[in-house]
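One structure coming up, written as structure tokens, with questions to follow.
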Amino acid sequence: MAKATTTPKTVMPQVVISIDFGGSDTKVIAEKVPVENAKDVLGKSHSFSFAMSPEVSVVSAESLRDYTNSRIGNASPEYSAWVGSHDTYTAVGHLAKHRFHGNPGLGELKYERAIAKTLAAVWVVQQRLALPNKFNIALSALLPYSE
């Protein structure tokens, strides 16, 4: 009897994202991976960069609801980013700094805030590229060796 073998399926990323969790800013470079045989008739680049303030602030769901209901207009995604998981909500960047009095966390190790910042950056990329809710990414993050 022949032994069945399986080969892992290679999943191509739709976006490549690089993040630097700097103390002064979180810097992000993103590039949409071109679809094979697709032609961009406008010849525009699909890469871009942005920076987010380093602040992070744990907030309540009610505070985020109040913010959402009271805002006027639509801010760029990098200015209104927050993430939530298991009833814990975190404002990131400009929103954390100016609305929720977040701090840059310079006394903490960078990895302690990296998950919230990464999720916020991925959401900003998804919004700016108008990607579906589920998409594949290739991610690289710059952290000091000791962290």
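Would you compute, from DSSP H runs of 4+ residues alone, the mean residue ellipticity of the chain at 222 nm, taking -39500 (n - 2.57) per run and dividing by the full residue count, rounded to the nearest 500?
Helix-only estimate at 222 nm: -7000 deg cm²/dmol.
Please report the relative contact order for the chain, taking Cα pairs under 8 Å with a sequence separation of at least 6, and give it as a percent rounded to a whole number.
Computed value for the chain: 31 percent relative contact order.
Further, regarding this structure: Taking the Cβ of each residue in VAL56, VAL83, VAL28 as the centre, tally the other Cβ atoms inside 10 Å and list the residues starting with the fewest.
With the fewest neighbours first, VAL56, VAL83, VAL28 line up as VAL83, VAL28, VAL56.
Treat every Asp and Glu Cβ in the chain as -1 and every Lys and Arg Cβ as +1, leave all other atoms uncharged, and give the resulting dipole magnitude about the Cα centre to the nearest 20 debye.
Once rounded to the nearest 20, the dipole reads 440 debye.
About its Cα centre, how strong a charge dipole does the range 56-120 have in debye, to the nearest 20, once Lys and Arg get +1 and Asp and Glu get -1 at the Cβ?
Dipole size: approximately 180 debye.
For the charge dipole of the range 52-147, defined by +1 on Lys and Arg C-beta atoms and -1 on Asp and Glu C-beta atoms about the Cα centroid, which residue among GLN126, GLY102, ALA114 has the Cα displaced farthest towards the positive pole?
GLN126
By how many degrees, 0 to 90 and rounded to 10, does the Cα axis of helix 111-128 deviate from the longest principal axis of the chain?
Long axis of 111-128 versus the principal axis of the chain: about 70 degrees.
Where is the GNM fluctuation largest for the chain (alpha-carbon springs, 10 angstrom cutoff): ASP20, ASP87, ASP66?
ASP87
Determine the gain in length on full extension of the stretch GLU108-SER18; use 0.36 nm per residue of separation and subtract their C-alpha separation, reporting nm with one decimal.
Difference between extended and current length: 30.3 nm.
Let me ask something else about it. Rounded, prolate or oblate: which fits the chain, taking a ≥ b ≥ c as square roots of the Cα gyration tensor eigenvalues, rounded meaning a/c under 1.5, else prolate when a/b beats b/c?
prolate
Related question: Tell me the angle of helix 61-70 to the major Cα principal axis of the chain, expressed in degrees between 0 and 90 and rounded to the nearest ten.
Roughly 80 degrees, rounded to the nearest 10.
Only the coordinates and a few stated rules stand behind these numbers; no lab work does. Predicted model, so just to flag it, every value in this text is computed and none were measured. All Cβ positions, glycine included, derive from the backbone under ideal geometry; neighbour counts span all protein chains shown.
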